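Take a look at the structure set out below.
Read-outs throughout are calculated quantities, based only on the coordinates presented, and are distinct from any laboratory measurement. In this text the structure is predicted, and so the values were computed from the model without any measurement. Glycine also receives a Cβ, built like all others from the backbone with ideal geometry; neighbour counts cover every protein chain displayed.
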Amino acid sequence: MSATKNVIIALDEGTTNAKAVALDECGQVIAKFSQALSIQTPREGWVEQSGELLVDASLNVLAQAVAHVGAERVCALAISNQRETAIGWYRSNGKPLGAALSWQCSRTADFCDSLRRDHQAQPIKTATGLPIAPLFSGSKMRWLLESVPNGFALAEQGEICLGTIDSWLLWHLTAGEAFYCDYSNASRTQLLNLHSGGWDEQMLAIFQIPAAALPAVKPSSGLFGHTKGLADIPDGIPIMAMIGDSHAALFGHALGQPGCVKATYGTGSSVMAPVTSAQCDIQSLATTLAWHDGQRLVYGLEGNIPHTGDAVAWMADSTGLSELPAAELAHELNTLPASVDSTLGVYFVPALTGLGAPWWNEHARGVICGLSRGVKRAHLIRAALESVAYQIADVVAAMRQHNDFTLTALMVDGGPSKNDWLMQYQADLLGCPVMRSDIPELSAIGAALLARKAITHITDDELKSYLPVHGEFRPNMARHGRLQKRWREWQSAVERTLYAS
């Protein structure tokens with residue numbers, strides 16, 4: 001960084017939006033641009049996105065940010081991305097094999113069932129830290145190769161590339177010169193050996209993924225390549241960090257400080273706690289690589305939930321609230337749940353494409369139970385918001401079984417975390433402070449901090465001065481005790497979805 005070349009632009013490519021956030025030499029957000037992304041659901045359980053539109057939207061917001069701050073001021077780009085979404089493309093021309101298979105997609109459920117029947121659950125969990133589930137990228141990559149003529153043979157010959165979204169974006173930012181992914185995204189494929197940090201030969205055989213089709217794995221903080229051949233972005237800007245969005249948020253909250261457990265509230269949610277090793281005997285949780293900062297690997301204990309913000313959006317659609325302008329909708333979601341004392345016994349389990357952690361049942365489907373004549377829209381909206389808090393609490397309860405787990409505060413970020421009612425309910429339910437980032441672009445902040453670390457070789461202690469301020473929701477411990485009964489009733493409602501499946 002220099003006095004004039006002092007802006008880092010972080011691209012946060014999420015499920016529903018691509019965002020570019022420009023940060024100055026003090027780490028302050030000076031500009032941000034966003035473009036909405038569409039999701040397709042061509043069949044039950046199938047969720048996909050156009051890979052080309054993901055690139056177009058990402059390049060568009062990056063170009064807007066570069067133009068706004070001036071290309072001469074940009075010292076680096078950083079990328080945070082939606083995780084587990086898988087895409088394949090032809091090495092010769094960069095054209096995708098088909099749609100990108102979203103992390104929410106459960107089209108590979110039957111293949112995952114076959115892995116369980118073949119007693120592969122324990123070998124996969126031991127090597128990769130991940131339970132068998134359609135969420136992870138490996139089974140999606142296998143499906144992509146099956147979907148095109150001679151897919152496996154072409155991949156074996158290196159003519160097809162398979163990657164997570166960080167690899168896909170990097171390829172297009174560098175005109176196909178850079179084919180890498182970072183450790184955090186690689187650890188979500190179910191193909192990486194957590195202990196060696198390399199692609200695992202046994203996993204590649206199980207999922208039938210040729211190594212020649214996969215990117216090289218690099219630390220999350222460091223040089224990945226330079227921009228090249230883009231219409232509105234100058235050549236030569238270094239890409240200095242790549243990391244999965246949930247991992248970036250954990251880094252952006254507290255740099256992985258013990259006891260600071262992170263919950264990202266988005267379309268789905270990731271609950272992640274920093275731990276000291278890859279060892280985890282809790283079958284319902286994942287152990288993952290949180291990041292590699294250029295010097296060391298940091299591990300994370302994680303539970304993934306597919307439908308949190310998505311559950312609230314579904315209920316808003318179903319009750320007509322989504323027809324309101326965005327500001328009015330946000331107001332209603334904050335005030336409606338507080339306008340009633342309870343849900344009148346209603347529980348909404350949003351297993352819209354299955355249940356994630358700690359249940360891991362892709363065949364489960366959503367349930368609304370406890371309906372009575374007095375139930376109105378406010379009760380249903382409250383039930384949807386409560387379902388978010390209960391699902392987070394379910395994962396935290398599973399994490400408490402881990403010897404290395406501590407919880408001093410829940411660090412939260414993402415769109416639904418703006419809902420004050422939800423954050424207070426979460427604090428009361430868990431009985432611990434909920435610390436909300438005052439800056440919503442926390443994944444972008446985390447990626448930018450990793451880029452800053454690579455550029456300036458700054459220490460973590462020095463990085464602390466760049467961390468964003470948090471607002472605090474303190475728990476009402478009397479209410480905490482009362483909510484335990486409702487939480488148990490919620491878990492009974494979850495059991496209904498498992499029984500129905």
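Think of the chain as a dipole: +1 on every Lys or Arg Cβ, -1 on every Asp or Glu Cβ, centred on the Cα centre; then among Gly236, Leu37, Thr287, Thr287 lies furthest on the positive end.
Listed by chain and number, the lysines whose alpha-carbon sits under 28 Å from that of Lys19, ignoring those within fewer than 8 places in the same chain, are Lys5, Lys32, Lys95, Lys140, Lys218, Lys228, Lys262, Lys418, Lys453, Lys464. Think of each Lys and Arg Cβ as +1 and each Asp and Glu Cβ as -1; about the Cα centre, that makes the dipole of the chain roughly 960 debye.
Using the rule -39500 (n - 2.57) for each DSSP H run of four or more residues, divided by the residues of the chain, the 222 nm mean residue ellipticity is -11000 deg cm²/dmol.
What does the charge count around Leu59 come to, taking other residues whose C-beta lies under 11 Å from its C-beta (Lys +1, Arg +1, Asp -1, Glu -1)? Charge balance near Leu59 sits at -4.
In order along the stretch 307-322, the Karplus-derived 3J(HN,Hα) couplings, from 6.51 cos²θ - 1.76 cosθ + 1.60 at θ = phi - 60°, round to 9, 10, x, 4, 5, 5, 4, 4, 5, 5, 4, 6, 9, x, 5, 5 Hz, and Gly and Pro are given as x. Using the Karplus relation 6.51 cos²θ - 1.76 cosθ + 1.60 with θ = phi - 60°, the per-residue 3J(HN,Hα) values for the stretch 97-104 come to 5, x, 5, 6, 8, 5, 4, 7 Hz, with x marking Gly and Pro.
Each Lys or Arg adds one and each Asp or Glu subtracts one; over the other residues with Cβ under 11 Å from the Cβ of Phe348, this totals 0. Taking Cα centre as origin and charging only the Cβ of basic (Lys, Arg, +1) and acidic (Asp, Glu, -1) residues, the dipole magnitude of the stretch 190-315 rounds to 180 debye.
Listed values for the stretch 166-175 are Karplus-derived 3J(HN,Hα) couplings in whole Hz (6.51 cos²θ - 1.76 cosθ + 1.60, θ = phi - 60°), namely 4, 5, 5, 5, 4, 4, 7, 5, 10, 6, and x replaces Gly and Pro. For Ile160, the residues whose amide H sits under 5 Å from its own are Arg91, Ala155, ignoring neighbours fewer than 5 places away on the same chain, with H placed 1.01 Å from N. Within the chain, DSSP assigns beta bridges of which about 70% are antiparallel (rounded to the nearest 5). Each peptide in 195-206, 50-61, 425-436 gets a packing score, the mean of other Cβ atoms within 10 Å over its residues, and the list from highest to lowest is 425-436, 50-61, 195-206. Comparing Thr497, Pro433, Ala454 along the charge dipole axis of the stretch 362-501, the residue lying farthest to the positive side is Thr497, per the Cβ-charge model.
The candidate values were [x] 21.6, 66; [y] 25.4, 93; [z] 26.0, 117; the one computed from these coordinates for Rg and Dmax of the Cα atoms in Å carries the label [x].
Residues whose amide H comes within less than 5 Å of that of Cys105, counting only those at least five positions distant or on another chain, are Val47 (H built at 1.01 Å from N in the peptide plane).
Distant-in-sequence amide contacts of Ile79, defined by a placed amide H-H separation under 5 Å and a gap of 5 or more residues or a different chain, comprise Leu11, Ala241, Met242, Ile243.
Taking a ≥ b ≥ c as the square roots of the eigenvalues of the alpha carbon gyration tensor, the stretch 244-383 is prolate, as a/c is not under 1.5 and a/b beats b/c.
I need to check one value: relative contact order of the chain, counting alpha carbon pairs closer than 8 Å and at least 6 residues apart, in percent. Averaging sequence separation for qualifying contacts and normalising by length gives 14 percent for the chain.
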